[in-house]
Structures are given as structure tokens and as C-alpha cells.
């Protein structure tokens with residue numbers, strides 16, 4: 001395995017001081033946060049790997065662009081700049097901005113739910129997408145390949161749909177009851193794993209056969225395109241933009257949290273290929289939900305910075321270093337015997353906590369227990385992607401068991417150095433050495449929707 005890593009294609013021009021806390025302080029902070037890293041104050045976190053959403057560093061060109069923001073309520077010049085960039089990248093006819101991906105989902109998904117007992121099928125729904133599907137009155141079904149759940153063995157595209165099962169699901173539920181097929185690229189819940197172009201073409205063929213709308217959840221579409229370039233035959237000499245455009249051609253709607261591969265701190269995208277009626281529905285719906293259609297919850301300066309960031313995210317030097325940072329951390333952990341989703345994905349290292357803490361059952365949230373221990377060890381804030389996040393069955397209210405119990409070490413873009421990642425690796429390895437002492441968790445407070453954001457927990461006695 002290649003162990004050489006790419007140096008950053010940037011210089012550090014401004015620094016943000018971060019506080020180093022003691023172990024005793026961190027134990028107190030975590031207890032006050034209800035053993036939920038989401039509730040920790042950022043000033044009490046040394047290395048923040050909770051998410052890559054809006055947590056990256058902007059370039060000098062983005063900071064300069066901020067000064068050009070047109071803050072007109074309607075018809076902002078900054079909107080038209082972003083409109084041009086989005087249409088150039090996607091090839092789609094219609095664009096509406098949103099404040100973030102969640103805003104885009106809550107506007108679009110209800111427009112596709114036209115009856116009772118409808119379904120969205122995805123390679124794997126992420127938490128907020130699943131919540132918005134259910135809030136729209138539908139049900140979320142996952143259809144990822146089985147190789148995804150074998151974390152130890154290599155597969156180049158573990159985020160792929162199981163095409164045979166997708167066809168069977170549609171026949172079982174009835175095509176008229178499938179509101180849409182959501183291709184999540186990269187597949188976050190699967191471990192940030194990429195989806196091949198061949199697989200996306202297969203999804204498109206099935207969707208066309210049954211007359212079903214295809215959506216791309218493309219928060220990390222540029223990372224997915226880079227994986228295709230490196231791993232899929234026939235794409236070696238194509239640009240990231242060309243590969244991305246081919247993927248967009250296979251869908252009808254593009255939804256994006258632009259806080260990831262938009263390299264911005266805020267922003268979301270709704271792009272519709274050619275359905276004018278749907279565009280008009282969404283444009284009407286966005287006014288009470290997000291704001292006027294030419295700002296959609298964003299300031300002019302946000303749109304200016306995002307217009308630059310969307311193009312910077314397509315640069316291969318940036319993507320190579322970005323994915324190398326993830327690979328570096330994954331290699332450090334794997335060399336020490338820590339079980340991870342292998343190969344590493346695009347934005348994070350996912351630690352397999354079923355194998356890390358096998359003595360903790362899913363309903364006591366093993367990945368949450370490991371995450372808390374890593375924070376106590378070194379002030380590193382990870383996030384749980386497992387049964388805690390999955391929530392409860394909307395009908396029975398029983399805890400859902402996630403097929404994967406993962407701790408996500410999410411690396412913000414252009415933010416941390418390799419040395420920071422050494423600290424993360426050392427802390428995780430130390431917790432792994434003492435893993436059998438970890439205890440499961442139980443609820444002290446559980447909200448009804450998206451519980452992992454605000455729940456309070458306590459260790460099991």
C-alpha cells in the first residue's frame with residue numbers, strides 16, 4: 001500500500017488559536033453536555049471532527065468575493081453570478097438557492113410526495129434526509145450493496161446501489177408509490193464511500209423503465225468524481241467537471257449542502273434539469289420556508305463566496321490532498337489494528353464500533369460511547385453514525401438497529417494539519433487499547449425527531 005501523502009496545495013495565511021483542556025475538565029464538560037458531543041461548546045474542543053459541513057477554511061479569493069456581495073432583496077447581482085456557476089457545472093435549466101442542504105430537502109421532497117404510503121429509495125439515506133422524507137409523509141428505504149457492510153475488505157465503490165434489489169423494491173412497493181430514487185454521492189452513511197458511474201447509469205435505466213424521478217444528493221459530488229477518475233476505467237483522462245456533468249446528466253434533480261464541496265460556511269442548492277412545473281412549485285414553496293427565490297436564506301456575500309468555492313472544489317490538486325488527509329488518518333488507525341471502513345472514503349474515517357466495542361449492544365450506542373471516550377482522551381470531537389442516529393421506527397417506535405455502528409472522524413477542508421491528525425490517531429488508538437472498559441449509554445432526554453442532535457444521555461450502571 002502506498003504510504004506517501006501529498007503536501008497541502010496552499011499556504012497558511014491566518015490562524016485561529018484553539019484551547020487545550022485537561023482530562024479532568026473534559027470529563028466535566030462531557031457530563032454537562034449529557035454525554036452528547038453535539039452539546040459541547042466549541043471552545044472546549046481541541047480538534048473538532050464533528051462534521052465537514054461549513055467548518056472548512058475559505059480561500060483568499062472567497063474572502064475577497066465577500067466584499068462584492070449585492071444585498072438586494074430581489075434580483076441580487078450575486079444571485080445571478082451563482083446561478084451562472086451552478087448551471088455551468090450541472091447543465092440544468094433551473095436553480096434556486098437555499099440556506100443549506102436541509103433547506104433544499106424540505107422544499108423539494110414534499111413536492112414529490114403525491115399520495116399516501118409513498119417511498120424514497122436511496123443507496124443510504126443520511127439522517128436529515130431520512131427525517132425530511134418522513135416529515136413529507138413518506139418512508140425511507142435503503143438499497144446499498146452488501147459489500148458496504150464488510151468493513152475489512154476492499155471494494156472500490158462501496159456506496160453503490162444494489163441494482164437487483166432496487167428493481168425488486170420498486171416492483172414490491174409499486175412504481176407509482178416510489179416518489180423518487182436518491183443517489184447519495186459520496187455515500188455518507190456507508191462511510192463516505194463513492195458510487196461508480198456504471199452504477200449510476202444502472203439506476204438511471206431502472207428509473208426510466210418505471211418512470212421514477214432521480215435525485216442526486218451531491219454534497220460531496222466533487223469527491224465522488226475524483227474517486228471515479230482514480231478507480232473507474234475510462235475516466236482516467238477526464239476532468240472532475242466532465243465526470244460531474246456526466247453524473248448530473250443521469251438525474252433530474254440535484255440537491256446540495258454547499259457547505260461541503262462548495263467550500264463555504266453556509267449555502268444550499270436546488271437545481272432542476274428541465275421540469276418547469278416542479279421548478280415553479282419549489283420557487284413558490286421556498287418563499288415561506290427559506291426566503292425570496294433569488295436569495296433563499298443566503299446573503300449576497302454568501303452567494304459570492306459560494307460561487308468561487310464551487311469552482312475551487314473542482315481543482316484536482318485540492319481534491320488529491322483532501323482525500324490524502326483522510327487516507328493518512330485511516331492508515332494510521334488501520335496499522336494499529338483499529339477497525340475502520342476500508343478503503344477510506346472522501347471526507348472522514350469511519351471507525352467500526354461493532355468490532356471496536358463488541359460488548360456494547362446497539363441499543364446502548366457503542367459508537368457514541370467510543371466517541372465520548374476519544375473526546376475525554378484528547379479533546380477530539382467525533383460524531384456517531386449508527387443506531388443512535390438512526391432513531392426509531394416511525395410506526396412501532398422501537399429503536400432501529402443500524403447495520404453499521406460507526407464513529408465518524410470528519411475532516412474539515414483546508415483546516416487541520418497532518419500533525420493534528422496524529423493527535424486524533426493517538427487518542428483513538430489509546431481508547432482502543434482500553435476498549436473493554438467502555439460502558440453503554442441510556443437516555444436521560446430523547447427528542448422525537450433527529451434525536452442525536454439534542455438528546456441527553458448517561459452511562460449505564
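The values are calculated or read from the model by the stated rules, or taken from the named source; none is laboratory data. In this text the structure is predicted, and so the values were computed from the model without any measurement. Don't worry about glycine lacking a Cβ; one is built from the backbone with ideal geometry, like all the others, and counts go over all protein chains shown.
Worth pointing out:
Residues are listed down the side, and each one gets a yes or a no for (1) in a strand (DSSP E or B); (2) closer than 30 Å to residue 309 by Cα:
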| position | (1), (2) |
| --- | --- |
| 407 | yes, yes |
| 425 | no, yes |
| 429 | no, no |
| 448 | no, no |
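- Hits in the range 21-43 - residues which are loosely packed, with under 11 Cβ neighbours inside 10 Å, farther than 23 Å from residue 367 by Cβ and either outside the structural domain of residue 382 (by TED's automatic domain parsing) or without any contact (Cβ under 8 Å) to a residue 24 or more places away in the chain (or both): 22, 24
- Selection status of residue 360, surrounded by fewer than 19 Cβ atoms within 10 Å (Cβ to Cβ) and at negative phi: no
- Filter pass, residue 243 being under 17 Å from residue 123 (Cβ atoms) and either buried (at least 16 other Cβ atoms within 10 Å of the Cβ) or modelled with pLDDT of 95 or more (or both): no
- Filter result for the condition that a residue is at pLDDT 95 or above and outside any helix (DSSP H, G or I), over 302, 261: 261
Table: residues versus (1) closer than 20 Å to residue 402 by Cβ; (2) modelled with pLDDT of 95 or more; (3) surrounded by fewer than 21 Cβ atoms within 10 Å (Cβ to Cβ).
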| residue | (1), (2), (3) |
| --- | --- |
| 128 | yes, no, yes |
| 159 | yes, yes, no |
| 180 | no, yes, no |
| 194 | no, yes, no |
| 217 | yes, yes, no |
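- Of all residues in the range 91-119, those that are farther than 24 Å from residue 259 by Cα and in a strand (DSSP E or B) total 2.
- Test: residue 371 is free of Cβ contacts under 8 Å to residues at least 40 places away in the same chain, buried (at least 21 other Cβ atoms within 10 Å of the Cβ) and either closer than 26 Å to residue 10 by Cβ or touching a helix residue (DSSP H, G or I) at 6+ places or on another chain (Cβ under 7 Å) (or both): no
- Within the range 1-42, the set of residues being outside any loop (DSSP other than H, G, I, E, B) and more than 23 Å from residue 347 (Cα to Cα) comprises 23, 24, 25, 26, 27, 28, 29, 30, 31, 32.
- Subset of the range 443-461 (residues that are surrounded by 12 or more Cβ atoms within 10 Å (Cβ to Cβ) and without any contact (Cβ under 8 Å) to a residue 60 or more places away in the chain): 443, 446, 447
- Among residues of the range 45-79, those that are part of a helix (DSSP H, G or I) and touching a residue at least 12 places away in the same chain (Cβ under 8 Å), counted: 9
- Meets criteria (crowded, with 22+ Cβ neighbours inside 10 Å, within 24 Å of residue 455 (Cα to Cα) and at pLDDT 95 or above) for residue 380: yes
- Which numbered condition residue 170 fails, given (1) under 22 Å from the mean Cα position of the chain (by Cα); (2) outside any strand (DSSP E or B); (3) touching a residue at least 40 places away in the same chain (Cβ under 8 Å); (4) farther than 29 Å from residue 318 by Cα: (1)
- Only listed residue being under 17 Å from residue 126 (Cβ atoms), assigned by TED's automatic domain parsing to the domain that holds residue 27 and in contact (Cβ under 8 Å) with a residue 40 or more places away in the chain, chosen from 343, 382, 366: 382
- Of all residues in the range 149-167, those being part of a helix (DSSP H, G or I) and in contact (Cβ under 8 Å) with a residue 60 or more places away in the chain number 1.
- Only one entry in 337, 330 is touching a residue at least 12 places away in the same chain (Cβ under 8 Å), touching a strand residue (DSSP E or B) at 6+ places or on another chain (Cβ under 8 Å) and either not in a helix (DSSP H, G or I) or not assigned by TED's automatic domain parsing to the domain that holds residue 155 (or both), namely 330.
- Residues (touching a helix residue (DSSP H, G or I) at 6+ places or on another chain (Cβ under 8 Å) and closer than 15 Å to residue 120 by Cβ) located in the range 190-231: 203, 206, 210, 212, 213, 214, 215, 216, 217
- Test: residue in the range 253-269 that is touching a helix residue (DSSP H, G or I) at 6+ places or on another chain (Cβ under 6 Å) and without any contact (Cβ under 8 Å) to a residue 60 or more places away in the chain: yes
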